[in-house]
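Structure, as structure tokens:
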Amino acid sequence: MNKVALVTGASRGIGRAIAIALAEYDFSVACFARDKARLDETVALIEAAGGKASVHTGDVSSDDDLQKLVDEVSALHGGIDVLVNNAGITEGAAAKNITPERFREVLNVNLVAPWVLARAAQPVMKARGGGVIINVGSTYGSTGVANNSPYCSSKAGIEGLTRALAREWARDQIRVICVAPGFVKTDMVGDNFGGTEVEKLVVSRIPMKRFGEAEEIAQLIAFLSTSKAGFVTGETLVIDGGQRSLI
């Protein structure tokens, strides 16, 4: 049976790396994001390496778009075996400067949308005998950080969601896992403080003295998506170069 993986936020950064890694593991990869041009680039990279992939566009904060996505991928590929909830946004500001509307927006994208999409994919996975849902969290979900309360809250929530769904759906042979990266070289990190003194300070506090690579996160997620990790569920796996161990 052809194995199918659905990756949100697959147009760039960690999401693109995840899609490519899953294709290397012989999954057909459904790539979802808002930016079709960037998704086309991701699919072209996969196909150039001999893999199979498809482009799906929409808004991750739209319940209708997410249900349509599950229906579309199921019809095109025959089902869904792996769902990677990777799409996310952040808001770096003091709590007093963040509106309640923006706080809700971050939680909607980072926490509510993964729940909506997992809920939509669950019956499809169950019909295929099981599956894997991987939620991309963050070390900020357990450590917290000043001036980023919506993001930290959403990533703490995704860890709780992972544990709850893992218990609820274990009977359906659906594993639910959270992968929590630390600092990784992406556009988001570069936009915030790439090349600055802050970056040097952060790196100095990482035992491995470097940022992670998107491919390193992607390879862990690809492995967890296979039967070789078949007894792993309900866990948050931290991948941060040892930084959290010092806190």
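The values are calculated or read from the model by the stated rules, or taken from the named source; none is laboratory data. Bear in mind that the values here come from a model prediction, so they are computed numbers and not experimental data. No Cβ is skipped: glycine too gets one built from the backbone with ideal geometry, and neighbour counts run over all protein chains shown.
Some observations on this one:
- Matching residues in segment 198-229 - criterion: being in a loop (DSSP other than H, G, I, E, B) and either touching a Gly at 6+ places or on another chain (Cβ under 6 Å) or polar (S, T, N, Q) (or both): Ile206, Pro207, Met208, Ser225, Thr226
- The listed residue being surrounded by fewer than 16 Cβ atoms within 10 Å (Cβ to Cβ) and either in a loop (DSSP other than H, G, I, E, B) or within 19 Å of the chain's Cα centre (by Cα) (or both), out of Gly88, Gly50: Gly50
- For the residues Arg104, Arg119, the requirement of being under 18 Å from the mean Cα position of the chain (by Cα) and free of Cβ contacts under 8 Å to residues at least 24 places away in the same chain singles out Arg119.
- Against the test of being at pLDDT 95 or above and closer than 19 Å to Gly131 by Cβ, the options Ala19, Ala48, Ala33, Ala37 yield a single qualifying residue, Ala19.
- Taking the listed residues Ala10, Ala21, the one that is part of a helix (DSSP H, G or I), in contact with a helix residue (DSSP H, G or I) (Cβ under 6 Å, 6 or more places away or on another chain) and of a type in the set (Gly, Ala, Ser) is Ala21, with no other qualifying.
- The single residue among Gly141, Gly157 that is out of contact with any Ser or Thr (no Cβ under 7 Å at 6 or more places or on another chain), within 21 Å of Gly13 (Cα to Cα) and either part of a helix (DSSP H, G or I) or among the aliphatic types (A, V, I, L, M) (or both) turns out to be Gly141.
- Output for segment 20-34, where each listed residue is without any contact (Cβ under 8 Å) to a residue 60 or more places away in the chain and in contact with a strand residue (DSSP E or B) (Cβ under 8 Å, 6 or more places away or on another chain): Ala23, Ser28, Val29, Ala30, Cys31, Phe32, Ala33, Arg34
- Residues that are surrounded by fewer than 16 Cβ atoms within 10 Å (Cβ to Cβ) and hydroxyl-bearing (Ser, Thr, Tyr), drawn from segment 95-142: Thr99
- Put simply, of Ala113, Ala170 the only residue that is assigned to a helix (DSSP H, G or I), among the small types (Gly, Ala, Ser), within 25 Å of Val73 (Cα to Cα) and in contact with a helix residue (DSSP H, G or I) (Cβ under 7 Å, 6 or more places away or on another chain) is Ala113.
- Filtered residues of segment 198-232 (kept if in contact with a Ser or Thr (Cβ under 9 Å, 6 or more places away or on another chain) and in contact (Cβ under 8 Å) with a residue 60 or more places away in the chain): Ala214
- In segment 206-238, residue nearest to Asp81 (Cα to Cα) [restricted to those that are loosely packed, with under 14 Cβ neighbours inside 10 Å and hydrophobic (A, V, I, L, M, F, W, C)]: Phe223
- Take the conditions (1) within 16 Å of Asn85 (Cα to Cα); (2) touching a strand residue (DSSP E or B) at 6+ places or on another chain (Cβ under 8 Å); Ala164 misses just one of them, which is (2).
- Of all residues in segment 47-71 being of a type in the set (Gly, Ala, Ser) and touching a Leu at 6+ places or on another chain (Cβ under 7 Å), the one that is farthest from Leu22 (Cα to Cα): Gly58
- Exactly one residue out of Val60, Val73, Val82 is in contact (Cβ under 8 Å) with a residue 40 or more places away in the chain, buried (at least 23 other Cβ atoms within 10 Å of the Cβ) and closer than 21 Å to Ser153 by Cβ: that is Val60.
- Some residue of segment 180-195 being surrounded by 15 or more Cβ atoms within 10 Å (Cβ to Cβ) and modelled with pLDDT of 95 or more: yes
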